[in-house]
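Here the structure is laid out as structure tokens; the discussion comes afterwards.
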Amino acid sequence: LEQYHFNNIAQKYFYIAKDKRNPLFDVTFDGVHIMNGDIVSSKPKVIIDLLDENKYFALDDTSLVEVYLKNMNDNTEKRIYFSQNTSNGTIVFIPGTSQNNKAEIQWSPVFTQDGMYQLRIKGRDKSGNESGLIDYVISFEIVTKSTISHIINYPNPFSTATKFIFTLTGNEIPTDLRIQIFTIS
């Protein structure tokens, strides 16, 4: 029926680029980004988000994230495994989806011993890209005794107004707290 068949075939060469972008971590303690050495609650809610831009390989596998806790008092590091009830509190993995490729780890540890701790997190995406050249590491301090410390007012000296900054520690926030000023000096 057709005289020429050469126009029935088309060739298009294309290249599929490899996923080279690493996933990103975002870690908060009770909704706050802490700095190294900060004091945190003995019952914090730690949220670890692993975000990847690749929408075709969802972050839906617990093997993509490793969480380690190191007690600096005795220098022991333990891996925190994804199970509902562990000796280090509850840890839950919420997988990413193709619409929002963000895996979320919700960890609610209970610390009974005062001291310095170190949280170390390793992560990768499904293409094998590590979250960074080095692991995410943050150190924090636990104080279980209810105290008020680091009371500072600024500006000092002042003429009309000053602000007070202080640190509360312990398992529960006090329901009634008062700062009394007895003299102007």
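Placing +1 on the Cβ of every Lys and Arg and -1 on the Cβ of every Asp and Glu, with no other charges, gives the chain a dipole of roughly 140 debye about its Cα centre. Going by Cα centres, the stretch 96-159 and the stretch 160-180 are how many Å apart? Here the answer is 23 Å between Cα centres.
Sparsely packed loop sites in the stretch 83-171 (the chymotrypsin sites (Phe, Trp or Tyr not before Pro) outside DSSP H, G, I, E and B with at most 12 other Cβ atoms within 10 Å) comprise Phe158.
Only the Cβ atoms of Lys and Arg (+1) and of Asp and Glu (-1) were treated as charged; on that basis the dipole of the stretch 93-153 about its Cα centre amounts to roughly 120 debye.
The H on the amide N of Met72, modeled in the peptide plane, is under 5 Å from the matching H of Met116, Tyr117, Gln118, each at least 5 residues off or on a different chain.
Here Lys145 is the anchor, and the aspartates and glutamates within straight C-alpha reach of less than 18 Å, apart from those fewer than 8 places off in the same chain, are Asp38, Asp114, Glu172, Asp176. Between [x] 102, 29, 27; [y] 66, 40, 38; [z] 107, 45, 29, which matches Cα extents along the principal axes in Å calculated for the structure shown? Given [x] 102, 29, 27; [y] 66, 40, 38; [z] 107, 45, 29, the calculated one carries the label [z].
Under the combined filter of DSSP loop state and at most 13 neighbouring Cβ atoms within 10 Å, the stretch 1-83 retains these chymotrypsin sites (Phe, Trp or Tyr not before Pro): Tyr4, Tyr13, Phe14, Tyr15, Tyr56, Tyr81. A Förster radius of 25 Å, combined with the Cβ-Cβ distance separating Ser83 from Gln113, puts the computed FRET efficiency at roughly 0.70.
Pairs of alpha carbons in the stretch 78-185 separated by more than 24 Å make up 53% of all such pairs. Partners of Lys126 within straight-line reach, counting lysines whose Cα lies under 28 Å from its Cα and excluding those fewer than 8 residues away in the same chain: Lys18, Lys20, Lys45, Lys55, Lys70, Lys78, Lys102.
Which one of Gly128, Pro155, Gly37 is farthest out on the positive end of the charge dipole of the chain, using unit charges on Cβ (Lys, Arg +1; Asp, Glu -1) and the Cα centre as origin? The Cα lying farthest towards the positive end belongs to Pro155.
The longest stretch of the chain left intact once loop-based GluC sites (Glu not before Pro) with at most 16 other Cβ atoms within 10 Å are removed from consideration, loops following DSSP, is 54-171.
In the context of the full set of protein chains, residues of the chain present 72 Å² of accessible surface per residue (probe radius 1.4 Å, heavy atoms only).
The values are calculated or read from the model by the stated rules, or taken from the named source; none is laboratory data. All values derive from a computational prediction rather than experimental measurement. Virtual Cβ from ideal backbone geometry, glycine too; neighbours counted across all protein chains shown. What goes into the accessible areas is simple: the full protein's heavy atoms, side chains included, and nothing from ligands, DNA or RNA. Shrake-Rupley method; radii C 1.70, N 1.55, O 1.52, S 1.80 Å.
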